[in-house]
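Heads up, the thing below is written out as structure tokens.
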Amino acid sequence: MYRIVGVLLFISFLSILQACSPDDKNESNGNGVTFYIPDGFPAPVYNFQNNPITPSGFALGRKLFYDPILSRDSSISCGSCHQQFVAFAHADHTLSHGIDGLLGTRNSPALFNIAWYPSFMWDGGVNHLEVQPLAPIANPVEMDESIANVIVKLQRSLTYQAMYQSAFGTDSVTTQLTMRALAQFMGSMISANSKYDKYREGKGALTSPELNGLQLFRTHCESCHSEPLLTDMQFRNNGLDNTFDSDPGRAKITNLPQDSGLFKVPSLRNIALTYPYMHDGRFQNLGQVLDHYMTGIKQSATLDPLLSTGGIPLNPQDKSDIISFLETLTDQKFITDRRFKEVQ
């Protein structure tokens with residue numbers, strides 16, 4: 001039984017909801033949609049009581065997410081680097097690809113369950129969902145736009161004036177309302193309908209290789225990729241490099257030497273879809289990732305203590321079974337949920 005903490009979405013989504021599976025947790029409840037806490041999930045960090053989800057607020061956030069008007073030359077939207085069919089990661093892109101064809105320095109993270117995140121970005125440089133979009137908007141190799149100019153452009157649009165009026169009772173476009181609409185849309189992206197979730201809830205079975213992979217995962221990986229979110233939300237140095245001059249990671253925010261080379265532990269949900277892997281996209285497949293943890297860990301002063309004693313001992317069958325388990329984390333309902341599809 002889910003604890004309902006959100007607000008129903010009504011008329012504007014009826015045509016979509018009628019096409020939804022009745023047992024889909026992320027879909028309709030009667031004639032509406034709810035934000036919910038899946039079984040076993042902790043309480044979310046983001047408090048929707050301060051920004052209640054409404055049909056018009058969600059619709060406004062969805063339009064903003066896919067609108068390149070947020071970028072300097074109207075060429076890049078949030079959806080450009082966060083594509084639904086790969087769990088809102090950037091398909092087959094090692095590094096984020098922004099305005100004027102420029103490349104960033106880090107891989108675009110997937111987006112889901114972010115209402116549970118206490119911080120954002122690989123280095124945790126943003127600590128609130130409502131201000132997270134400001135970072136890519138202002139980044140010179142992503143959208144290269146000022147939020148002040150974004151507001152001017154939105155205010156000129158009669159379509160947006162009407163949508164803000166419907167969502168917030170005013171046709172005056174402000175930064176806060178813009179960020180809150182985006183938070184309603186992005187915060188509603190819940191992924192908890194994978195094969196693993198069905199097994200966890202006693203509603204489905206895993207194969208023998210998948211079960212062995214789950215056991216191996218719980219033995220060797222869960223300390224950092226804690227269930228059920230599959231991340232502990234911490235920052236760790238997982239032994240990718242000996243030095244960190246090119247990207248100090250968390251230390252770029254804190255200026256603390258003990259944070260050099262530390263990056264946020266990503267969730268492993270939908271991991272089979274979100275390649276390439278690591279903060280710089282250096283690994284192209286899950287086999288390469290496991291090879292790193294088996295034999296590729298590099299020593300440094302900030303290496304995480306959990307990895308300092310050496311690599312994870314896995315034989316070829318173990319490696320294959322862990323990958324089989326990781327593939328059970330794919331949430332097909334989430335990546336095909338029509339509520340989150342691109343709109344013009």
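The values are calculated or read from the model by the stated rules, or taken from the named source; none is laboratory data. Bear in mind that the values here come from a model prediction, so they are computed numbers and not experimental data. Here the Cβ positions follow ideal geometry from the backbone for every residue, glycine too, while neighbour counts run over all protein chains shown. For the accessible areas, the whole protein counts, side chains as well, though only heavy atoms, and no ligand, DNA or RNA atoms are used. Shrake-Rupley method; radii C 1.70, N 1.55, O 1.52, S 1.80 Å.
Below, the figures for the structure above:
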read-out: Size of charge dipole - the chain - debye, nearest 20, with Cβ of Lys, Arg +1 and Asp, Glu -1, no other charges; value: 620 debye
read-out: Residue-by-residue Karplus 3J(HN,Hα) for the stretch 190-196, coefficients 6.51, -1.76, 1.60, Hz, glycine and proline x; value: 10, 10, 7, 10, 7, 4, 4
read-out: Under-5 Å amide H pairs with ILE37, H placed in peptide plane, nonlocal only; value: ARG3, VAL5
read-out: For PHE283, residues with placed amide H under 5 Å, excluding near neighbours; value: TYR277
read-out: Lys pairs, the chain - Cα-Cα below 26 angstrom, 8 or more residues apart or on other chains; value: 25
read-out: At 0.692 mPa s and 37 °C, Stokes D of the chain from Kirkwood alpha-carbon radius, µm² per second; value: 156 µm²/s
read-out: Summed residue charge, Cβ within 10 Å of MET294's Cβ, Lys/Arg positive, Asp/Glu negative; value: -1
read-out: R0 of 41 Å, Cβ-Cβ distance GLN344-LEU256: FRET efficiency to nearest 0.05; value: 0.35
read-out: Given charges at beta-carbon only (K, R positive; D, E negative), |dipole| of the stretch 206-344 in Debye; value: 320 debye
read-out: Long-range HN-HN contacts of LEU262 with modeled amide H, under 5 Å; value: ARG250, ALA251
read-out: Gain upon complete extension [ASN242, LEU102; 0.36 nm per residue less C-alpha separation]; value: 47.7 nm
read-out: The stretch 57-212, relative contact order [Cα under 8 Å, separation at least 6], %; value: 25 percent
read-out: Furthest towards positive pole of dipole, LEU329, ASN315, PRO305, structure part the stretch 303-344, Cβ charges; value: LEU329
read-out: Percent of beta bridges antiparallel (DSSP, the chain, rounded to nearest 5); value: 90 percent
read-out: Most to least packed among 72-85, 184-197 [average Cβ atoms within 10 Å]; value: 184-197, 72-85
read-out: Among 36-47, 316-327, the order from most to least packed when residues are scored by Cβ within 10 Å on average; value: 316-327, 36-47
read-out: Accessible surface ranking that places the most exposed of HIS292, HIS128 first, with a 1.4 angstrom probe; value: HIS128, HIS292
read-out: Leading residue at positive end of dipole, the chain (Cβ point charges), from ALA251, THR219, LEU229; value: LEU229
read-out: Convex hull projection area averaged over all views, the stretch 27-177, Cα basis, nm²; value: 10.0 nm²
